[in-house]
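K.L.:
Can you keep this structure in mind? I'll have questions shortly.
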Amino acid sequence: LAGLTHSELGFCMEVHLPWETVKDTSRLQDGGIEIYYGKYDAGYAWAFPSPDSVTVGVGSLTNEISESNILGFFHIFLNRIAISTGLRPRGAYIPSGNGVALGSPSHDLLLIGDAAGLIDPFTGEGIYYALMSAEAAAGAVLSGRDVYGEYVRRMLPAVESIREAVPIRN
């Protein structure tokens, strides 16, 4: 997360629960997902099923709430979803969408995905932008032109979309 300040970050916690530890699987069966808004300051909680487990997590902006409070919300939410598991959650800082830095032309450096601050400001989802920016970086390199300039040109619509969505989220 090159060059992003603490206020430009979000913090997420998640754990992958075995199905047998989930209290009520009825809404998650057959590919259903659950997203919870409102109880988690400037963030949300989620439960996403997969064939082997259910990913349960919470995330919020660090300029709105401390990491320790996010951890507290995580444990409250986890207790609603699962029986005691003893599993330890994983946490990570993610960009918030407030700052996007595509790299440095003077160092021939291209940043992609989370490292560039490329995420959806509403959901915190970044896989789409990670793949998009990787494809744009590869195309810029293969173009034979000014690599950084070409990368910025290819990423401009995505960067503008992210920047336009940040004030709406707030």
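The values are calculated or read from the model by the stated rules, or taken from the named source; none is laboratory data. Values in this document were obtained by computation on a predicted structure and should not be read as measured data. Cβ coordinates were reconstructed from backbone atoms using ideal geometry, including for glycine residues, and neighbour counts include every protein chain displayed. Protein only, heavy atoms only, side chains kept; ligands, DNA and RNA dropped before computing areas. Shrake-Rupley method; radii C 1.70, N 1.55, O 1.52, S 1.80 Å.
K.L.:
Take A134 and decide whether it is touching a helix residue (DSSP H, G or I) at 6+ places or on another chain (Cβ under 8 Å) and either exposed (fewer than 14 other Cβ atoms within 10 Å of the Cβ) or in a loop (DSSP other than H, G, I, E, B) (or both).
P.N.:
When the stated conditions are applied, A134 passes them.
K.L.:
Which condition does G86 not pass, out of (1) over 17 Å from the mean Cα position of the chain (by Cα); (2) surrounded by 19 or more Cβ atoms within 10 Å (Cβ to Cβ); (3) modelled with pLDDT under 85, if it passes all the others?
P.N.:
(2)
K.L.:
I'd like the full set of residues that are under 16 Å from the mean Cα position of the chain (by Cα) and either surrounded by 21 or more Cβ atoms within 10 Å (Cβ to Cβ) or hydroxyl-bearing (S, T, Y) (or both), limited to the range 99-110.
P.N.:
Within the range 99-110, just V100 meets the criteria.
Residue-wise test of (1) of a type in the set (D, E, K, R); (2) more than 11 Å from the chain's Cα centre (by Cα); (3) outside any strand (DSSP E or B).
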{"site": "G72", "(1), (2), (3)": "no, yes, yes"}
{"site": "L78", "(1), (2), (3)": "no, yes, yes"}
{"site": "Y93", "(1), (2), (3)": "no, no, no"}
{"site": "G97", "(1), (2), (3)": "no, no, yes"}
{"site": "F122", "(1), (2), (3)": "no, no, yes"}
{"site": "E125", "(1), (2), (3)": "yes, no, yes"}
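K.L.:
A follow-up question, please. So how many residues does the range 145-170 have that are surrounded by 12 or more Cβ atoms within 10 Å (Cβ to Cβ), modelled with pLDDT of 85 or more and under 25 Å from G10 (Cβ atoms)?
P.N.:
Going through the range 145-170 one residue at a time, the tally reaches 9.
K.L.:
Does the range 26-62 hold any residues that are touching an Asp or Glu at 6+ places or on another chain (Cβ under 8 Å), under 16 Å from G10 (Cβ atoms) and part of a loop (DSSP other than H, G, I, E, B), and which are they?
P.N.:
D41, A42, listed by residue number.
K.L.:
Given (1) of a type in the set (F, W, Y); (2) open to solvent by 30 Å² or more (accessible area, probe 1.4 Å); (3) within 30 Å of D24 (Cβ to Cβ), identify the lone condition not met by F77.
P.N.:
Tallying (1) of a type in the set (F, W, Y); (2) open to solvent by 30 Å² or more (accessible area, probe 1.4 Å); (3) within 30 Å of D24 (Cβ to Cβ), F77 fails exactly one: (2).
K.L.:
Also, quick follow-up: So if I check each of I83, I94, which one is among the hydrophobic types (A, V, I, L, M, F, W, C), under 30 Å from V141 (Cα atoms) and touching a helix residue (DSSP H, G or I) at 6+ places or on another chain (Cβ under 8 Å)?
P.N.:
On inspection, the qualifying residue turns out to be I94.
K.L.:
Just wondering, is there one or more residues in the range 113-129 that are over 17 Å from E14 (Cβ atoms), free of Cβ contacts under 8 Å to residues at least 40 places away in the same chain and aromatic (F, W, Y)?
P.N.:
So far as the range 113-129 goes, yes, one or more of its residues are over 17 Å from E14 (Cβ atoms), free of Cβ contacts under 8 Å to residues at least 40 places away in the same chain and aromatic (F, W, Y).
K.L.:
Take the conditions in contact (Cβ under 8 Å) with a residue 24 or more places away in the chain, under 23 Å from D120 (Cα atoms) and not polar (S, T, N, Q) and apply them to G43. Does it pass?
P.N.:
It is true that G43 is in contact (Cβ under 8 Å) with a residue 24 or more places away in the chain, under 23 Å from D120 (Cα atoms) and not polar (S, T, N, Q).
K.L.:
Still on this model: Evaluate the range 13-21: report whether one residue or more is farther than 30 Å from V152 by Cβ, at pLDDT below 80 and not in a loop (DSSP other than H, G, I, E, B).
P.N.:
No - not one qualifying residue is present in the range 13-21.
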